[in-house]
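All remarks here apply to the structure that follows.
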Amino acid sequence: MELTKKLALIEEALDVEEGSLKPETPLDDVEEWDSIAMLSLIAMLDDEFGKTISGKELKALKTVADILACME
């Protein structure tokens, strides 16, 4: 899957404006990065990629690139 498609999935999960995220974007700078967004991210990773992520792994995410790495 190409980067733009993955970024679009993350933007949808985090409920942010399309095209607003880049791999280097710190998650602390994303106002919508909260517990609801984290649950949505968990669901998207499971649905789209068959991946599960632990709470510890979730807390370790610092940038959009970290989320992208979970999609591999």
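A few notes on this one:
- Residue match in the range 52-59 (condition: surrounded by 14 or more Cβ atoms within 10 Å (Cβ to Cβ), more than 16 Å from residue 4 (Cα to Cα), touching a Leu at 6+ places or on another chain (Cβ under 6 Å) and not β-branched (Val, Ile, Thr)): no
- Of all residues making up the range 11-43, the number that are part of a helix (DSSP H, G or I), open to solvent by 80 Å² or more (accessible area, probe 1.4 Å) and under 13 Å from residue 67 (Cβ atoms): 1
- Subset of the range 44-63 that is aliphatic (A, V, I, L, M) and assigned to a helix (DSSP H, G or I) - its residue that is farthest from the chain's Cα centre (by Cα): 60
- A Cβ distance below 8 Å, combined with a sequence gap of six or more or placement on separate chains, defines the contacts here; from the range 18-35, residues that are in contact (Cβ under 8 Å) with a residue 24 or more places away in the chain reach residues that are among the basic types (Lys, Arg) in the pairs 26/62; 27/62; 28/62.
- Pairs, first closer than 18 Å to residue 25 by Cβ in the range 53-72, second open to solvent by less than 20 Å² (accessible area, probe 1.4 Å) and among the β-branched types (Val, Ile, Thr), C-beta under 7 Å, six or more apart: 61/67; 64/10; 67/10
The values are calculated or read from the model by the stated rules, or taken from the named source; none is laboratory data. Model, not experiment: these values are computed from the prediction. Here Cβ is always computed from backbone atoms with ideal geometry, including for glycine, and neighbour counts include all displayed protein chains. SASA here: full protein model, heavy atoms, side chains in, ligands and nucleic acids out. Shrake-Rupley method; radii C 1.70, N 1.55, O 1.52, S 1.80 Å.
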